[in-house]
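Worksheet: the structure to be examined is printed underneath.
What follows is calculated from the coordinates using simple rules that are stated; it is not laboratory data. The structure displayed is predicted, hence computed values, not measured ones. As a convention, Cβ positions derive from the backbone with ideal geometry for all residues, glycine included, and neighbour counts pool all protein chains shown.
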Amino acid sequence: MAKEIAGQIKLQIKGGAANPSPPVGPALGSKGINIMEFCKQFNARTQDKAGKVLPVVITYYADKTF
């Protein structure tokens, strides 16, 4: 069964440089999403685009995963 989508968050983040400070931390924290886990995964997936500002759409689910 598919997860229930709770919403989406749109941000612009530098590749390989996501951290818990604004705008990432407050945007994710207010939705109950694990900020450090997002930053870790985002930085790992975008390390080849380091320094470039990337448009990001984060889909998060009712169980607080993304």
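Points to keep in mind about this one:
- Other residues lying with their Cβ under 15 Å from the Cβ of Tyr61 contribute a combined charge of 0, Lys and Arg counting +1, Asp and Glu -1.
- Using only side-chain charges placed at the Cβ, +1 for Lys and Arg and -1 for Asp and Glu, the dipole size of the chain relative to its Cα centre rounds to 180 debye.
- Computed P(r) (all Cα pairs; the chain; 5 Å bins; percent): 4, 19, 29, 26, 14, 7, 2, 0
- Among residues other than Val24 with Cβ under 14 Å from its Cβ, the summed charge is +3 (Lys and Arg +1, Asp and Glu -1).
- Candidates Leu54, Val24, Cys39 compared by Cα position along the dipole of the range 5-61: farthest toward the positive end lies Leu54, with charges placed on Cβ.
- Among the lysines of the chain, pairs at least eight places apart or on separate chains and with Cα atoms under 12 Å apart come to 4.
- Taking Cα atoms only, the orientation of helix 35-45 departs from the longest principal axis of the chain by about 50 degrees.
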